[in-house]
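Peer 1: Dropping a structure here in structure tokens format, bear with me for questions.
The values are calculated or read from the model by the stated rules, or taken from the named source; none is laboratory data. What you see is a predicted model, and the numbers here were worked out from it, not measured in a lab. No Cβ is skipped: glycine too gets one built from the backbone with ideal geometry, and neighbour counts run over all protein chains shown. Please note that ligands, DNA and RNA were not included when accessible areas were found on the heavy atoms of the full protein model with its side chains. Shrake-Rupley method; radii C 1.70, N 1.55, O 1.52, S 1.80 Å.
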Amino acid sequence: MKISGSRLLDLDQEQCYRALQDPSVLERCMPGCRSLVRVGEDTYAMKMKMALASISGLFDGKVRIADRNFPHSFRLLVEGSGRIGFLKGDGLLQLTPENGGTSVGYEGEVRVGGTISAVGQRLMDTTSKMMIKRFFDKLAESLTPPQQ
Amino acid sequence: METTVTKKTERLIGKPIRRREDPRLITGTATYVEDIELPGMHYAAVVRSPHPAADIKGIDTGAAEQHPGVVAVYTGKDIDHLGAVPCGISLPDLRIPHHHLLAQDRVYYVGHPVAVVVANDRYIAADAVDLVEVEYEPTDSVSEPEEALEAGAPAVHAEWPDNVAFTHHQEGGDIEKAFAEADVIVKERIVSQRLAPSAMEPRGTVASWNSGDESLTVYSSTQIPHILRTLMAGVLGLPEHKLRVIAPEVGGGFGSKCELYPEEALTAFIAMKIGKPVKWVLTRRDEFLATIHGRGHIDYYELAAKKDGTMLGLKVKIIQDVGSFHMLLTPAMPTLSVLMLPGLYRFKNVHADVVGVFTHRMATDLYRGAGRPEATHGIERMVEVLAAELGMDPVELRTKNFVPPSDFPYDTPMGVSYDSGNYAAILEKAVQTVGYSQLREEQQEARRQGRLMGIGIATYGEICAFGPSPALPTGGWESATVKIEPSGQVTVMTGVSPHGQGSQTTFSQIAADELGVDIDDIVVTHGDTSTVQHGVGTFGSRNTAVGGTALVLAIRELKEKIETYGAMLLESDDVSYAAGVCTCNKTGKTVTLGEIAMTSWTGPTYPANTQPGLVATNYWEPPNFAFPFGAHIVVSEVDRDTGEVAIQRYLAVDDCGKVINPLLVDGQVHGGVAQGLGQALYEQVVYDDTGQLVTGEYMDYALPKAAMVPTIETDRTETPSPVNPLGVKGVGEAGTIAASPAVVNSVVDALSHLGVRHIDMPLTPEKIWKLVQQGGSA
Amino acid sequence: MKTQINVCINGLERTDEVEPRLLLIHYLREVIGLKGPHIGCETSICGACTVALNGKTVKSCALLAVQADGQDIVTVEGLATNGQLHPVQEAFWNEHGLQCGFCTPGMLMTTRELIERNPEPTDEEIRHGLEGNLCRCTGYQHIVNAVKSAAAKVGG
Amino acid sequence: MIPQEFNYSRPGTVQEAVDLLADGEAKVLAGGMSLIPLMKLRLSAPEHVVDLGRIPDLSRITENGGSLHLGALLTHHQVATSALVQEKCPLIAETASHIGDAQVRNMGTLGGSAAHADPAADYPAALCALEAKVRLVRRDSERVVGIGDFFVDALTTAVEPEEIITELILPVEEAGTGVSYQKLRQPASGFAIVGVAARVRKDGGRVAMARVGVTGLAASAYRATGVEALLEGSEGSQADVAAAAAAVDEGIEAISDLHASSDYRRHVARVYTARAIQAAL
């Protein structure tokens, strides 16, 4: 399944680039991420609990950052597998300055297999969009100091 | 002497009597595989691959094995000494990959069995499946057959990088000449999508090992108990006479239970290993993943004709999506299509090329119609395309090209011989019944109002009543044993293995008439290899035509013996048997069948050169297939705004030869039509572009519900088959074969004035809406 | 942790200790031994498992046995009384409303409720009323005929 | 297909129920029509299930000050067939009769369906058109949430883990209001590919009130306020309806799945919106 979109963040391009690759930021913002541990150059082991109301599942996986082109673009590869199936995401993130902030464009592909794919097909499109939205919401929230 | 046989005069053949199977089925007392409970029963559950293609790097069964209640976990290495899942077809270039019961170092489709867990409770077995850790390294996969044929596509089996599973070529006449002489050539790419057979009872097996006499009893939801026994004995390396296979009540099959599945043999293997009875029943999700799919054709048609509509030649290229492994009859599906490519038409020149293609999907194999629906869909669509091209009425075009009644038996260019028929007459009957010319007027009026009304016609000819034996790897005969018990009651054992067809009823009707006894004095049994003589089974619309004939011939043989005994008891050399009574033609003295039967078993004396007992077995080998035919007409209306299709009328006029029980024949037609209509409008097995099965439950695979099927009107003509003494042909698959082109033709007809010539199935509202949009209609 | 349940099944009182996760269909089939209700899917689409719970049809594979505690259950085995087939059973038999029979127990239970709620259903009402029961064999035509015939018999 | 093990509680009162939920770890079971299939597929594996099925207070239907209060545990069948509901709030009764099938309607509940918030469920369209309010109760407090704040996203609502829905509060329909729920069914599941609920009242030849709720098109059900605004004040002619219906997908990110693309869904939403409004007028 192809995924694409963009999101405007209230940070300059370089800050944004660093934040998106900061494991502690990713750990906080990736929906369901329970832990992210560095296991190698640009590679992190991840434990996550995907939870969507009644639907939930534990996944063990990996996050990898590749094709760095500071501060313009990089590739984020996520994969996880658990009892209810597996998921694999491969996306190119492109950062461009816009209106004093940064527009983060993403384009990539998500592959899902196992039970979630066989019985949850009709929810896949909606839920992947929702997960991405949650990620950016969390990111925006965690990067913007609360207004007084 | 007391007798239980009453004199019977009423003939039952041709009567709509209600089924003898039903009392157990309507009271919940029938026994399906899942209902079998044996002391000490254990439960097996299968771990399946979530990947379409991956190397197995390791399997950790430790946690599962230690789970309380789990007795064993088996993986590929535990069964690599066992035989492969068999393919029974031979073709010159057939490539058969070794199909292990469990994956070895690679998986080849989503759902591929990787391990099996065994526990003393089904809930624990389900838990333990989740505890088996399999490490996969996914590799590239290919799921569309045409992509698999492209250079550089991932190889499903490394040894055959072109992904070609087999090729087949067949031709008759002179195709080049036909195309050279043609005024018009129409071409179309026609897809028959993958379908899930979807018997309501999921597959299942119970196996029980007796270590004392080293014998195995296997209950399986199968259409072919005897063949299953031979195959399973081979896979397990067990002497065949130590294996008893029982097909208990079977909840539908439609071809999908005409296999040896890996799980069936695994269940048996486990029962032998652990020395306890083992039950394994598929879930519906597993059923979608790991029961064979039907169809899976991409066909390229070219039809050559004269301006006046005379059809000259037909060229077809068939691409069959095989899946990753062959099952029992997989390669025969497209070759069966080839036999019926000409339909009911007098083509002299036909040319067919088949390529079977490996893909990373579950195997395809026989599903109701098996190869014939694809062929019929193709030719009946092409006739419509030609009619549109020539501006001819499709009824007229068909009638012009039908094989005429005077030409039977008719040898087709595909090398088969149509047994009997009157094709023009059945289409005429359908056209009259439905009021065709008036419907065309209504259609004109509808179009004036901006409504999209369509009239779809499909005629079909079907090859069924399988054998004869050269056509089948199993033998194409069928068997029957008839035994008159000492009390005069009749036991019939048939080698067919019905699972919803109602053969206990039709065979009782046949036996009652042939023997002249009351139907209540007849019991028909089947499906147990230790009590029933060897048999072939139920598929290819063969029960009545082949099994019923074996029954008739066994009874006829028995009647001679009855008369021999009658002659002895009546002390006459001139007796005749009829209606349950043997009569001396000189004195008029009589003796009943009951008295004869008792004497035959208990003596004290027997006729000279005659063995005790009234029992006869017949194995009947048919000399030819039978060829039922028919004409179905559908009236539909398309919602211009949304593309939804409403079927307003469905008329099925079929000729299945002599009818034994019209109630059951109608039932077969209705059920068949619903399945063909399901293919036309709703059903499709979908693998996404990463090889994942995304129609994995009834939430996404649309099996027709009552409100999605129209009222089905039926009518008949009756042209006896000369192939068998009953004159019957077969009706199990007819409806399915006719329905998909009839429905699609009606919808294409509704849109024809917008320039639409063909739509691939299923006709989803979205697909149709898009066509309406593109048609630029006002 | 097992839970005690008390149920009345086809007129007989039962008390059993069950795991909370035990599905009602497995309770009926494996604890009680009533094999009439069948399992055809797991997403409550097919309806082969249909039984009546306090007089209302439910899909027993989408219910926990503990949910049935204190309630009255009727399965296909409880339809006939004193050896006399229920009119719905009789109608399915007469009209050839079944072939392989696997969906039939559920069909019968749904039909019984359908004609109780609507004694004179039209074809369309019947087809909509049977939406929760899949049949792969009959094409539904004879089932519709059977429901009509049963309705006429019960009503008349 | 078998659920994982869990602990089970069956409270007899709302208070007992919310006490059990106070730690936020338990999952509420109402009719189970959504939850149990998910548990069988092991897509849901709660450790503690709190079954609300025996709380009599949750199955009441009361009329109070121009509102109809429907207990969360009312089954779809009860909602569809209650004479009071049919008279006072016919849209919810009509919608209930379109849900699932007879057996599912006998067991599935209003509150359960609302809480599950399936993007293709039928009720949410009607609840949006009715501007329903949802009463949420937790151990020490309760709140009433408007439907606009209730449906948050696909399968996501404002209900917190420690809360239960006790009732839905719907307006008693004013005389002269016409209602209709129209859906294009997904043939396999019976869910809506798109479903549209409409309430329309005319006064003096003009549309005085129009409410339109849509399900299936977006990640969660919504009120098509653009349609409403165009319709209100118009004469409600066929052209008015068509023009208004065309606004149904404005600003909406349409779902795409196996059964329908987002383009087709948008188109069908416009067609069915017009049909629902026409039927209601």
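Peer 1: If you go through the range D:33-55 one residue at a time, how many are in a loop (DSSP other than H, G, I, E, B), more than 11 Å from chain A (Cβ to nearest Cβ) and either open to solvent by less than 20 Å² (accessible area, probe 1.4 Å) or under 17 Å from C:Cys46 (Cα atoms) (or both)?
Peer 2: Number of matching residues: 3.
Peer 1: Being more than 13 Å from C:Cys100 (Cβ to Cβ) and open to solvent by less than 10 Å² (accessible area, probe 1.4 Å) is the filter here, so list the residues in the range C:128-138 that pass it.
Peer 2: C:Leu130, C:Gly132, C:Asn133
Peer 1: Kindly indicate whether any position in the range D:101-110 is more than 11 Å from chain C (Cβ to nearest Cβ) and part of a helix (DSSP H, G or I).
Peer 2: Within the range D:101-110, one or more residues are more than 11 Å from chain C (Cβ to nearest Cβ) and part of a helix (DSSP H, G or I).
Peer 1: Taking B:Gly667 as meeting all but one of (1) surrounded by 23 or more Cβ atoms within 10 Å (Cβ to Cβ); (2) without any contact (Cβ under 8 Å) to a residue 24 or more places away in the chain, write down the number of the exception.
Peer 2: (2)
Peer 1: If you don't mind, another one. With a cut-off of at least 3 residues that are in contact (Cβ under 8 Å) with a residue 24 or more places away in the chain and open to solvent by less than 30 Å² (accessible area, probe 1.4 Å), name the helices (runs of 4 or more DSSP H) lying wholly within the range B:111-212.
Peer 2: B:122-129, B:175-181
Peer 1: Okay, moving on. Collect the residues in the range B:389-432 that are surrounded by 15 or more Cβ atoms within 10 Å (Cβ to Cβ) and hydroxyl-bearing (Ser, Thr, Tyr), keeping them in residue-number order.
Peer 2: Of everything in the range B:389-432, those that are surrounded by 15 or more Cβ atoms within 10 Å (Cβ to Cβ) and hydroxyl-bearing (Ser, Thr, Tyr) turn out to be B:Thr399, B:Tyr410, B:Thr412, B:Tyr418, B:Ser420, B:Tyr423.
Peer 1: Could you tell me how many of the residues in the range B:237-283 are of a type in the set (Lys, Arg) and under 18 Å from B:Arg203 (Cβ atoms)? Steps first, answer last, please.
Peer 2: Step one: filter the range B:237-283 for residues of a type in the set (Lys, Arg), giving B:242, B:244, B:257, B:273, B:276, B:279.
Cutting the leftovers down to under 18 Å from B:Arg203 (Cβ atoms) gives us B:257, B:279.
Going through the range B:237-283 one residue at a time, the tally reaches 2.
Peer 1: Which of (1) more than 14 Å from chain B (Cβ to nearest Cβ); (2) over 27 Å from D:Met33 (Cα atoms) is the odd one out, the single condition A:Ser81 does not satisfy?
Peer 2: It fails just one condition, (1).
Peer 1: Okay, moving on. Those residues that are crowded, with 24+ Cβ neighbours inside 10 Å, farther than 26 Å from C:Cys61 by Cβ and in contact with a strand residue (DSSP E or B) (Cβ under 7 Å, 6 or more places away or on another chain), I need them from the range B:268-289; list them, please.
Peer 2: Hits for the range B:268-289 are B:Ala268, B:Ala271.
Peer 1: Can you spot a residue in the range B:638-650 that is aromatic (Phe, Trp, Tyr), under 21 Å from the mean Cα position of the chain (by Cα) and either crowded, with 24+ Cβ neighbours inside 10 Å or within 14 Å of chain A (Cβ to nearest Cβ) (or both)?
Peer 2: Within the range B:638-650, none of the residues are aromatic (Phe, Trp, Tyr), under 21 Å from the mean Cα position of the chain (by Cα) and either crowded, with 24+ Cβ neighbours inside 10 Å or within 14 Å of chain A (Cβ to nearest Cβ) (or both).
Peer 1: Can you pull out the residues in the range B:651-679 that are more than 18 Å from the chain's Cα centre (by Cα), within 22 Å of B:Arg19 (Cα to Cα) and of a type in the set (A, V, I, L, M, F, W, C)?
Peer 2: Answer for the range B:651-679, where residues must be more than 18 Å from the chain's Cα centre (by Cα), within 22 Å of B:Arg19 (Cα to Cα) and of a type in the set (A, V, I, L, M, F, W, C): B:Val659, B:Ile660, B:Leu663.
Peer 1: Do we find a residue being more than 30 Å from the chain's Cα centre (by Cα) and open to solvent by less than 20 Å² (accessible area, probe 1.4 Å) anywhere in the range B:754-762?
Peer 2: yes
Peer 1: Starting from residues that are among the β-branched types (Val, Ile, Thr) and in contact with a helix residue (DSSP H, G or I) (Cβ under 6 Å, 6 or more places away or on another chain), keep the ones in the range D:176-203 and report whichever is nearest to C:Cys46 (Cα to Cα). Step through it out loud before you land on a result.
Peer 2: As a first pass, look at the range D:176-203 and keep what is among the β-branched types (Val, Ile, Thr): D:177, D:179, D:193-194, D:196, D:200.
When the remaining residues are screened for being in contact with a helix residue (DSSP H, G or I) (Cβ under 6 Å, 6 or more places away or on another chain), the result is D:179, D:194, D:196, D:200.
Details: D:Val179: 32, D:Val194: 23, D:Val196: 27, D:Val200: 37 Å.
Only one residue tops the list, namely D:Val194.
Peer 1: Right, next: Among the listed residues C:Asn82, C:Asn10, C:Asn94, identify the single one that is over 24 Å from D:Val104 (Cα atoms) and either modelled with pLDDT under 95 or under 15 Å from the mean Cα position of the chain (by Cα) (or both).
Peer 2: On inspection, the qualifying residue turns out to be C:Asn82.
Peer 1: I'm trying to understand the selection: among the residues of the range C:41-56, which are assigned to a strand (DSSP E or B) and either more than 9 Å from chain D (Cβ to nearest Cβ) or open to solvent by less than 10 Å² (accessible area, probe 1.4 Å) (or both)?
Peer 2: Once the filter is applied, which keeps residues that are assigned to a strand (DSSP E or B) and either more than 9 Å from chain D (Cβ to nearest Cβ) or open to solvent by less than 10 Å² (accessible area, probe 1.4 Å) (or both), the range C:41-56 yields C:Thr50, C:Val51, C:Ala52.
Peer 1: Right, something else. Can we say B:Val723 is surrounded by 24 or more Cβ atoms within 10 Å (Cβ to Cβ), away from chain A (no Cβ under 14 Å) and either touching an Asp or Glu at 6+ places or on another chain (Cβ under 6 Å) or more than 27 Å from B:Leu341 (Cα to Cα) (or both)? Let's see the steps before the verdict.
Peer 2: Details: surrounded by 24 or more Cβ atoms within 10 Å (Cβ to Cβ): yes; away from chain A (no Cβ under 14 Å): yes; either touching an Asp or Glu at 6+ places or on another chain (Cβ under 6 Å) or more than 27 Å from B:Leu341 (Cα to Cα) (or both): yes.
When the stated conditions are applied, B:Val723 passes them.
Peer 1: Restricting the search to the range C:79-127, which residues are farther than 24 Å from B:Val665 by Cβ, β-branched (Val, Ile, Thr) and facing another protein chain (nearest Cβ under 7 Å)?
Peer 2: C:Thr110 - this is the single residue of the range C:79-127 that is farther than 24 Å from B:Val665 by Cβ, β-branched (Val, Ile, Thr) and facing another protein chain (nearest Cβ under 7 Å).
Peer 1: Also: Look at B:Ile17 and say whether it is within 27 Å of the chain's Cα centre (by Cα), open to solvent by 20 Å² or more (accessible area, probe 1.4 Å) and either more than 30 Å from B:Phe325 (Cβ to Cβ) or at pLDDT below 95 (or both).
Peer 2: yes
Peer 1: Do we have any residue at all in the range B:406-426 that's under 30 Å from B:Pro612 (Cα atoms), touching a residue at least 12 places away in the same chain (Cβ under 8 Å) and part of a helix (DSSP H, G or I)?
Peer 2: Within the range B:406-426, none of the residues are under 30 Å from B:Pro612 (Cα atoms), touching a residue at least 12 places away in the same chain (Cβ under 8 Å) and part of a helix (DSSP H, G or I).
Peer 1: Would you check if there is a residue in the range C:88-97 being in a loop (DSSP other than H, G, I, E, B), of a type in the set (Val, Ile, Thr), buried (at least 23 other Cβ atoms within 10 Å of the Cβ) and touching a Leu at 6+ places or on another chain (Cβ under 6 Å)?
Peer 2: Scanning the range C:88-97, I find no residue that is in a loop (DSSP other than H, G, I, E, B), of a type in the set (Val, Ile, Thr), buried (at least 23 other Cβ atoms within 10 Å of the Cβ) and touching a Leu at 6+ places or on another chain (Cβ under 6 Å), so the answer is no.
Peer 1: Inside the range D:20-32, can you point out the residues that are within 17 Å of D:Glu167 (Cα to Cα) and within 11 Å of chain C (Cβ to nearest Cβ)?
Peer 2: The first filter runs over the range D:20-32 and keeps only residues within 17 Å of D:Glu167 (Cα to Cα), leaving D:28-31.
Across the range D:20-32, the qualifying residues are D:Leu29, D:Ala30, D:Gly31.
Peer 1: Report the residue count in the range D:10-19 for those that are open to solvent by 20 Å² or more (accessible area, probe 1.4 Å) and within 14 Å of chain C (Cβ to nearest Cβ).
Peer 2: Adding up the residues that qualify gives 2.
Peer 1: Okay, next question. Given (1) in contact with a Ser or Thr (Cβ under 9 Å, 6 or more places away or on another chain); (2) more than 17 Å from B:Pro138 (Cα to Cα); (3) within 14 Å of another protein chain (Cβ to nearest Cβ), identify the lone condition not met by A:Phe135.
Peer 2: With respect to (1) in contact with a Ser or Thr (Cβ under 9 Å, 6 or more places away or on another chain); (2) more than 17 Å from B:Pro138 (Cα to Cα); (3) within 14 Å of another protein chain (Cβ to nearest Cβ), A:Phe135 is out only on (1).
Peer 1: Can you name the condition, by its number, that A:Ser54 falls short on among (1) open to solvent by 70 Å² or more (accessible area, probe 1.4 Å); (2) touching a helix residue (DSSP H, G or I) at 6+ places or on another chain (Cβ under 6 Å); (3) modelled with pLDDT under 90?
Peer 2: Every listed condition holds for A:Ser54 apart from (1).
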